[in-house]
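**Student:** One structure, pasted below without further comment.
The values are calculated or read from the model by the stated rules, or taken from the named source; none is laboratory data. Keep in mind that this is a model prediction, so the values were computed, not measured. Virtual Cβ from ideal backbone geometry, glycine too; neighbours counted across all protein chains shown.
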């Protein structure tokens, strides 16, 4: 059985019968405060573009403030940064209920050249966060796509995810993975023009042996705009797979096989376009055998 725990994302409303009990809240470096209305997943800095680093909350964290390249944040630069990052999260949460989930993101490889080196810094963060919020889950998202220059995200490909999970098992850290499937496809050069069933399977299937460390998935669509340019986080799985139902069904079948282990996983639909697009994605997952709980 494949169980999904829905998380409310942005302004989108789930279709009837699905009532999310967790919401995603932004927790990047320009956030001044948070106001949760329910259990929440705190989506921390993801280093796509520039930050101002001007909020009062950052005044106590000089290493975070100076760790950037052309104002794009550099993550996990050293142990001191990790210590400040835990304190930043604790201060941002303040008197609110502790986060159900803290979602973090990988460093760039121009200053952090191995997953092992990243985990040395990360372990400090985990220890301090779990002292403050012992029941919080910490998840890391695979990443690609940024305005940053000179380096790439350290954890992007399926082999990066495999290496990470092997080390997490060895080191017995609590960190797990939230798998952003469209970003994984992007880094493996799966696009709407050259997409194929074989490429989908080769990209996803190696992860199956490591599914015990995958605690959630991100999913979203792409759609061509008037100029023919693909726009991310817009559309549904039909537009993502260029309206090829066989490819869409092959994709859904593959991820159902990977996660058909009876474990409940978080489901984050990063859909910015419409409730209809979200409902279409939900229906596709339901028809593939996923159960929303």
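**Student:** Grab the strands (runs of 3 or more DSSP E) fully contained in the range 98-203, keeping just those with 3 or more residues being touching a residue at least 60 places away in the same chain (Cβ under 8 Å).
**Tutor:** Answer list for the range 98-203: 101-104, 137-141.
**Student:** Let me ask another. All but one of (1) modelled with pLDDT of 95 or more; (2) surrounded by fewer than 18 Cβ atoms within 10 Å (Cβ to Cβ) hold for residue 220; state the number of the condition that does not hold.
**Tutor:** (2)
**Student:** Check 137, 141 and return the single one that is under 27 Å from residue 232 (Cα atoms) and under 18 Å from the mean Cα position of the chain (by Cα).
**Tutor:** Answer to the selection: 141.
**Student:** Name the single residue that is surrounded by the most Cβ atoms within 10 Å (Cβ to Cβ) among those in the range 1-26 being in contact with a helix residue (DSSP H, G or I) (Cβ under 8 Å, 6 or more places away or on another chain) and in a loop (DSSP other than H, G, I, E, B).
**Tutor:** Within the range 1-26, the match that is surrounded by the most Cβ atoms within 10 Å (Cβ to Cβ) is 14.
**Student:** Ok, one more. Check off (1) surrounded by fewer than 16 Cβ atoms within 10 Å (Cβ to Cβ); (2) touching a residue at least 12 places away in the same chain (Cβ under 8 Å); (3) more than 26 Å from residue 9 (Cα to Cα) for residue 68 and give me the number that stays unchecked.
**Tutor:** Result: residue 68 passes all but (1).
**Student:** Go through the range 223-246 residue by residue and tally those that are assigned to a strand (DSSP E or B) and either under 22 Å from the mean Cα position of the chain (by Cα) or modelled with pLDDT of 95 or more (or both).
**Tutor:** 4
**Student:** Inside the range 71-112, can you point out the residues that are farther than 17 Å from residue 31 by Cα and either touching a helix residue (DSSP H, G or I) at 6+ places or on another chain (Cβ under 8 Å) or modelled with pLDDT under 95 (or both)?
**Tutor:** Selection gives 76, 77, 78, 79, 80, 81, 82, 83, 106, 107, 112.
**Student:** Let me ask something else. Keeping to the range 56-65, report how many residues are outside any helix (DSSP H, G or I) and loosely packed, with under 15 Cβ neighbours inside 10 Å. I'd like the intermediate steps shown before the answer.
**Tutor:** Initial filter on the range 56-65 (outside any helix (DSSP H, G or I)): 59-61.
Cutting the leftovers down to loosely packed, with under 15 Cβ neighbours inside 10 Å gives us 59-60.
Summing the residues that are outside any helix (DSSP H, G or I) and loosely packed, with under 15 Cβ neighbours inside 10 Å in the range 56-65 gives 2.
**Student:** Exactly one condition in (1) more than 22 Å from the chain's Cα centre (by Cα); (2) at pLDDT below 95 is false for residue 57; which is it?
**Tutor:** (2)
**Student:** For the range 247-256: of the residues being crowded, with 17+ Cβ neighbours inside 10 Å and under 22 Å from the mean Cα position of the chain (by Cα), which is farthest from residue 213 (Cα to Cα)?
**Tutor:** The qualifying residue farthest from residue 213 (Cα to Cα) is 248.
**Student:** (1) within 22 Å of residue 43 (Cβ to Cβ); (2) in contact with a helix residue (DSSP H, G or I) (Cβ under 9 Å, 6 or more places away or on another chain); (3) at pLDDT 95 or above: which one isn't true of residue 212, the others all being true?
**Tutor:** (1)
**Student:** Might you check whether a residue that is without any contact (Cβ under 8 Å) to a residue 12 or more places away in the chain and touching a strand residue (DSSP E or B) at 6+ places or on another chain (Cβ under 6 Å) occurs anywhere in the range 211-229?
**Tutor:** Just the residues of the range 211-229 that are without any contact (Cβ under 8 Å) to a residue 12 or more places away in the chain, to begin with: 225-229.
Next, from what is left, pick out any that are touching a strand residue (DSSP E or B) at 6+ places or on another chain (Cβ under 6 Å): 225.
Yes.
**Student:** Does residue 182 qualify as being surrounded by fewer than 16 Cβ atoms within 10 Å (Cβ to Cβ) and at pLDDT 95 or above?
**Tutor:** Considered against the rule, which asks whether it is surrounded by fewer than 16 Cβ atoms within 10 Å (Cβ to Cβ) and at pLDDT 95 or above, residue 182 comes out as no.
**Student:** If the requirement is being at pLDDT 95 or above, part of a loop (DSSP other than H, G, I, E, B) and under 19 Å from the mean Cα position of the chain (by Cα), which of these qualifies: 41, 47, 35?
**Tutor:** Every option except 47 fails the conditions.
**Student:** Just wondering, is there one or more residues in the range 277-290 that are assigned to a strand (DSSP E or B), in contact (Cβ under 8 Å) with a residue 12 or more places away in the chain and more than 17 Å from residue 182 (Cα to Cα)?
**Tutor:** Yes, some residue in the range 277-290 is assigned to a strand (DSSP E or B), in contact (Cβ under 8 Å) with a residue 12 or more places away in the chain and more than 17 Å from residue 182 (Cα to Cα).
**Student:** Filter the range 27-42 down to residues that are over 19 Å from residue 67 (Cα atoms) and surrounded by 13 or more Cβ atoms within 10 Å (Cβ to Cβ), then give me how many there are.
**Tutor:** 6
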